[in-house]
Amino acid sequence: MFDFHSHILPALDDGSASVEESMALLLECKRQGIASIAATPHFYADKVSPEVFLLQRQQAFEKLNLHQHPHLPAVVLGAEVQYYDGISHSKEILKLRMEGTKVLLLEMPQTRWTHHMCQEVLLLNHQQDVRVLLAHMERYWFTPNQKCLEWMHSQHVFFQANGSFFVQRQTRKKALQLLKNGMIDVLGSDCHNQKDRRPNLEAAQKMIAAALGQKYLDRLTARQNQLLQP
């Protein structure tokens with residue numbers, strides 16, 4: 001399985017604090033059967049330029065890569081891009097896609113979205129070289145933005161859910177329902193550290209298989225492969 005969302009690059013954002021912690025996270029991902037993982041540090045357009053961000057990301061990756069082993073999950077560089085007004089018109093946004101793909105992991109604000117914001121996301125997604133993947137969709141589902149989410153998904157915006165959505169007792173029923181209804185396309189651990197935000201895709205997959213059956217894991221794999229096509 002491919003982990004679409006993580007903060008494993010060392011000392012870059014609010015994720016892994018060190019190379020040692022990053023390596024421990026990769027080892028845990030390997031134990032859970034993760035073949036590849038997207039390193040998606042936060043990108044905030046109002047705080048840093050794409051050029052500076054990419055330089056910082058590369059430096060963090062090179063520190064990690066000095067300790068990387070062939071048996072560990074392959075690390076694919078990307079970004080968790082926070083939505084900003086005008087994002088659909090930015091030519092630099094292409095630099096923040098997951099390497100080797102058209103996938104742009106997009107984080108929406110924790111506010112009521114306007115019609116303009118929803119249209120902006122769709123305009124971005126309709127570009128030939130971009131496939132928008134909405135990060136941790138469960139954070140928005142229980143808000144007034146649900147109708148906009150449904151509209152986005154009907155217009156072929158992909159949705160990523162965190163493994164914790166399936167693992168946590170208070171949310172797993174809704175997670176399974178949304179997966180069954182086709183509203184979740186792929187999973188990501190959104191792992192940050194070894195304490196409260198550890199890799200968790202193994203537990204999420206077991207929960208899905210036990211509750212819904214293998215065919216739903218197979219469907220996630222099919223969507224994953226579709227999304228990762230160049």
Find the residue count for the stretch 148-181, including only residues that are in contact (Cβ under 8 Å) with a residue 24 or more places away in the chain, over 19 Å from Arg198 (Cα atoms) and of a type in the set (Lys, Arg). 2
Kindly indicate whether any position in the stretch 182-193 is exposed (fewer than 14 other Cβ atoms within 10 Å of the Cβ) and modelled with pLDDT of 95 or more. yes
Being surrounded by 14 or more Cβ atoms within 10 Å (Cβ to Cβ), among the hydrophobic types (A, V, I, L, M, F, W, C), out of contact with any helix residue (DSSP H, G or I) (no Cβ under 8 Å at 6 or more places or on another chain) and outside any loop (DSSP other than H, G, I, E, B): is that true of Ala17 here? no
Glu99 vs. criteria without any contact (Cβ under 8 Å) to a residue 40 or more places away in the chain, assigned to a helix (DSSP H, G or I) and not hydroxyl-bearing (Ser, Thr, Tyr): no
Would you call Asn162 surrounded by 16 or more Cβ atoms within 10 Å (Cβ to Cβ), modelled with pLDDT of 95 or more, closer than 24 Å to Gly33 by Cα and not small (Gly, Ala, Ser)? yes
So if I check each of His89, His136, His115, His126, which one is buried (at least 19 other Cβ atoms within 10 Å of the Cβ) and not aromatic (Phe, Trp, Tyr)? His136
Cβ-Cβ below 6 Å, separation at least six or inter-chain, first residue in the stretch 217-230 and more than 17 Å from Leu178 (Cα to Cα), second aromatic (Phe, Trp, Tyr): which pairs? Leu227/Phe158
Quick one: is Leu176 farther than 22 Å from Lys102 by Cα, surrounded by 17 or more Cβ atoms within 10 Å (Cβ to Cβ), modelled with pLDDT of 95 or more and in contact with a helix residue (DSSP H, G or I) (Cβ under 8 Å, 6 or more places away or on another chain)? yes
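The values are calculated or read from the model by the stated rules, or taken from the named source; none is laboratory data. Fair warning: this is a prediction, and the values are worked out from it, not measured in the lab. Every residue, glycine among them, receives a Cβ derived from its backbone with ideal geometry; neighbour counts consider all protein chains shown.
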